[in-house]
Amino acid sequence: GAGVSQSPSNKVTEKGKDVELRCDPISGHTALYWYRQSLGQGLEFLIYFQGNSAPDKSGLPSDRFSAERTGGSVSTLTIQRTQQEDSAVYLCASSLADYNEQFFGPGTRLTVL
Amino acid sequence: GDSVTQMEGPVTLSEEAFLTINCTYTATGYPSLFWYVQYPGEGLQLLLKATKADDKGSNKGFEATYRKETTSFHLEKGSVQVSDSAVYFCALRVGGTSYGKLTFGQGTILTVHP
């Protein structure tokens, strides 16, 4: 069956531009997570959505980062006024519910010039 | 806060060698522990897990035992193969307001030569 998909796979942008990263979770999965994988910080949690509950945004590094999940399915991570330190691989994962195995997408590699 | 510390790499081994990748953790409450693997060009995959003290997770010849007394979850394999070359991440999950959130270690790059 289809796994978690993310688009684009690669994104190169200029400092100061806004970017949107998309995640399509596995159908029927109610929980969705965004993580960031960077050389300096390793793999870190950004934000978590579960059903219709308010998201846990505790991992977002600054107010330039935001995310939404429409219709309990597709999620978009938006980074405004990108900085060079935002360069990383952004990973999305979904799970059937809390405490179930998380399935990861292939990631979006963001490069900010 | 919760954290995971794992053995720094890279680790380079010959085929059929014994593998240990150390992982220790700090957590409030009683975490579940995981090992994830990222093969070249692929996404993160769950390798094994343990949800309570003294549990042993195993998969594909890899094993790890949840040691509460030493707050450790070391990954072992008796005989590695070239196909095991990948990045390995130790992770924990603690319940609370963010039930699914994973906290990862820095990752260990493993290269196995024929």
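The values are calculated or read from the model by the stated rules, or taken from the named source; none is laboratory data. From a predicted model like this one, the values you see are computed outputs, not experimental measurements. Quick reminder, even Gly has a Cβ in these numbers, built from the backbone with ideal geometry, and neighbours come from all protein chains shown. Please note that ligands, DNA and RNA were not included when accessible areas were found on the heavy atoms of the full protein model with its side chains. Shrake-Rupley method; radii C 1.70, N 1.55, O 1.52, S 1.80 Å.
For segment B:60-72, which residues satisfy the criterion of being open to solvent by 50 Å² or more (accessible area, probe 1.4 Å) and assigned to a strand (DSSP E or B)?
Hits for segment B:60-72 are B:Glu63, B:Arg67.
On the given criteria, is A:Ser94 touching a Cys at 6+ places or on another chain (Cβ under 9 Å) and on the phi < 0 side of the Ramachandran plot? Don't jump to the end; show me each part of the working.
Values: touching a Cys at 6+ places or on another chain (Cβ under 9 Å): yes; on the phi < 0 side of the Ramachandran plot: yes.
Here the answer is yes, as A:Ser94 does meet what is asked.
Are any residues in segment B:7-33 among the β-branched types (Val, Ile, Thr), open to solvent by less than 40 Å² (accessible area, probe 1.4 Å) and over 26 Å from B:Thr51 (Cα atoms), and if so, which ones?
Hit for segment B:7-33 is B:Val11, nothing else.
Could you go through segment B:1-8 and let me know if any residue there is assigned to a strand (DSSP E or B), among the hydrophobic types (A, V, I, L, M, F, W, C) and within 14 Å of chain A (Cβ to nearest Cβ).
Looking for residues that are assigned to a strand (DSSP E or B), among the hydrophobic types (A, V, I, L, M, F, W, C) and within 14 Å of chain A (Cβ to nearest Cβ), one finds at least one in segment B:1-8, hence yes.
Report yes if some residue within segment B:10-25 is touching a Lys or Arg at 6+ places or on another chain (Cβ under 9 Å) and at pLDDT below 95; otherwise report no.
No, that holds for no residue.
Rundown of residues vs (1) touching a strand residue (DSSP E or B) at 6+ places or on another chain (Cβ under 9 Å); (2) of a type in the set (Gly, Ala, Ser); (3) within 13 Å of chain A (Cβ to nearest Cβ); (4) over 11 Å from B:Cys23 (Cβ atoms), yes/no style:
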| position | (1), (2), (3), (4) |
| --- | --- |
| B:Ser79 | yes, yes, no, yes |
| B:Tyr88 | yes, no, yes, no |
| B:Gly95 | yes, yes, yes, yes |
| B:Gly100 | yes, yes, yes, yes |
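Can you tell me which of A:Ser66, A:Ser87, A:Ser73, A:Ser53 is out of contact with any Gly (no Cβ under 9 Å at 6 or more places or on another chain) and within 25 Å of B:Glu8 (Cα to Cα)?
Unique residue meeting the criteria: A:Ser87.
With respect to the numbered conditions (1) touching an Asp or Glu at 6+ places or on another chain (Cβ under 8 Å); (2) open to solvent by 10 Å² or more (accessible area, probe 1.4 Å); (3) not in a loop (DSSP other than H, G, I, E, B), which one is the sole condition not fulfilled by B:Gly57?
So B:Gly57 meets the others, but not (2).
Quick check on A:Tyr99: is it at negative phi and either in contact with a Gly (Cβ under 7 Å, 6 or more places away or on another chain) or within 14 Å of chain B (Cβ to nearest Cβ) (or both)?
Here the answer is no, as A:Tyr99 does not meet what is asked.
For B:Leu46, which of the numbered conditions (1) more than 24 Å from A:Thr108 (Cα to Cα); (2) surrounded by fewer than 20 Cβ atoms within 10 Å (Cβ to Cβ) fails to hold?
The one condition B:Leu46 does not meet is (1).
Among the residues of segment A:1-29, which ones are within 13 Å of chain B (Cβ to nearest Cβ) and at positive phi?
none
Just one of the numbered conditions (1) touching a strand residue (DSSP E or B) at 6+ places or on another chain (Cβ under 7 Å); (2) more than 14 Å from chain A (Cβ to nearest Cβ) is not true of B:Asn59; which one?
With respect to (1) touching a strand residue (DSSP E or B) at 6+ places or on another chain (Cβ under 7 Å); (2) more than 14 Å from chain A (Cβ to nearest Cβ), B:Asn59 is out only on (2).
If we only count strands (runs of 3 or more DSSP E) wholly inside segment A:7-113, which ones have 3 or more residues that are among the aliphatic types (A, V, I, L, M), modelled with pLDDT of 95 or more and open to solvent by 10 Å² or more (accessible area, probe 1.4 Å)?
In segment A:7-113, there are no strands (runs of 3 or more DSSP E) which contain 3 or more residues that are among the aliphatic types (A, V, I, L, M), modelled with pLDDT of 95 or more and open to solvent by 10 Å² or more (accessible area, probe 1.4 Å).
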